[in-house]
1. Suppose the chain between LYS328 and VAL304 were pulled fully straight at 0.36 nm per residue; how much longer would it get relative to their current alpha carbon spacing?
2. Measure off 7 Å from each Cα along the Cα-to-Cβ vector at THR244 and HIS321, then give the distance between these two points in nanometres to one decimal.
3. Exposure proxy check: TRP89, TRP287, TRP233, TRP303 ranked by fewest other beta carbons within 10 Å?
4. Report the FRET efficiency, 1/(1 + (r/R0)^6), for VAL66 and CYS218, where r is their Cβ-Cβ distance and R0 is 22 Å, rounded to 0.05.
5. Once the Cβ-Cβ distance between VAL154 and ASN268 is put in as r, and R0 is 56 Å, what FRET efficiency do you end up with, to the nearest 0.05?
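What follows draws every value from the coordinates through simple rules; no lab data is involved. These numbers were taken from a predicted model, which means no experiment stands behind them. Note: ideal-geometry Cβ built from the backbone for every residue, glycine included; neighbour counts use all protein chains shown.
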Amino acid sequence: MASNKVFNVAIFFVVFRECLEAAMIVSVLLSFLKQAIGKHEFELYKKLRLQVWLGVVAGFVICLAVGGAMIGVYYRYENDIYSNSEDLWEAVFCFLATIMISLMGISMLRINKMQTKWRVKIAQALLQIPEKARDRYRMGYLLKKYAMFFLPFVTVLREGLEAVVFVAGVGPSSRGAAATSYPLPVIVGLLAGFTIGALLYYGTSHSSMQVFLVISTCILYLISAGLFSRGAWYLETYRYNKATGGDASESGSGNGSYNIKKAVYHVNCCNPEIENGWDIFNALLGWQNTGYLASILCYILYWVALIFIVSLMIFEEKRGHLPFLKNKRMSDFNPFRKMKKKQDLSVEDKTVLFSKVENLNFNNEGQITSKN
């Protein structure tokens, strides 16, 4: 496919998702520095801001090196472990991408809550200063001394390595993906993530940001629905290819290129597997010139499920509970809820936490101290 030779859509969304969260955390850190000391001690503010950017650059460079090495080794030795069951792997990664994009869309709509979450985490990290003098020579405290470097460094490194793992799995497994399809989506994904982070930092109005995020989320869900439909289509194609002993969909668009028993519709043109141009609609909206019953039902069911879940979220946002379940919220059905319960803070706890952060200061070396 031509699009996979230049722009791999799956890679773009993986990079964009991870970059978005990293950019959000860095913007919270920079905002904290600006509010805490930016107006009072400008020279110290510049020094600490430099620490933040050095941490970002260091983490980013390491991620690029690791990702480049993994991709280079793959294409150097051509270890295509997916070739014997390409359509099956395509289906698996389409379903995985659907889950990732669906969750990402919800988090983008709740970007203000994500900001609050990371404000709490950063505040907790900054307040953990050891009381005993001997503990200040331990590695943990030395890391805390340069927290403005290590917090963005670890954040960017974690998000970046997570992106590398997904890219390494999704990229090579995409049909016809070439090494040349990596640079452009990575660059565009990084720019998109940085742009939203910058808008958050410079205080773009809530209404304009919300409109932008709603439009972006709608586009994401169109792509996600197409991916879910494509996953079902690849499963049907895999079964048909196993029965016929070849890759029928790439042999043409006429009779014999599809399973007529499972098809609801078919057009003898516009095949995204062999005709350039239609592969873009395939990548973005899930278009196929053959519509199997399974792929059509998956597309419809995806939208029904998404509308149902978003409706529940809207109801909970307004009423504080799920319909007909006054003591239940959607988070109560999270299987990891028990592990996270100890970390949850009430509104009063958050107020106390942020008031303690306001009493933090920095000495001339950039070390975190408390105001007298």
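1. Numbers: separation 24, 0.36 × 24 = 8.64 nm, distance 2.25 nm.
The span from LYS328 to VAL304 would gain 6.4 nm if fully extended.
2. Computed distance between label sites THR244 and HIS321 equals 5.6 nm.
3. Values: TRP89 20, TRP287 17, TRP233 28, TRP303 14.
Final ranking by Cβ density, sparse to dense: TRP303, TRP287, TRP89, TRP233.
4. Numbers: r = 34 Å, r/R0 = 1.53.
Calculated value: 0.05.
5. Numbers: r = 55 Å, r/R0 = 0.98.
Efficiency at R0 = 56 Å is approximately 0.55.
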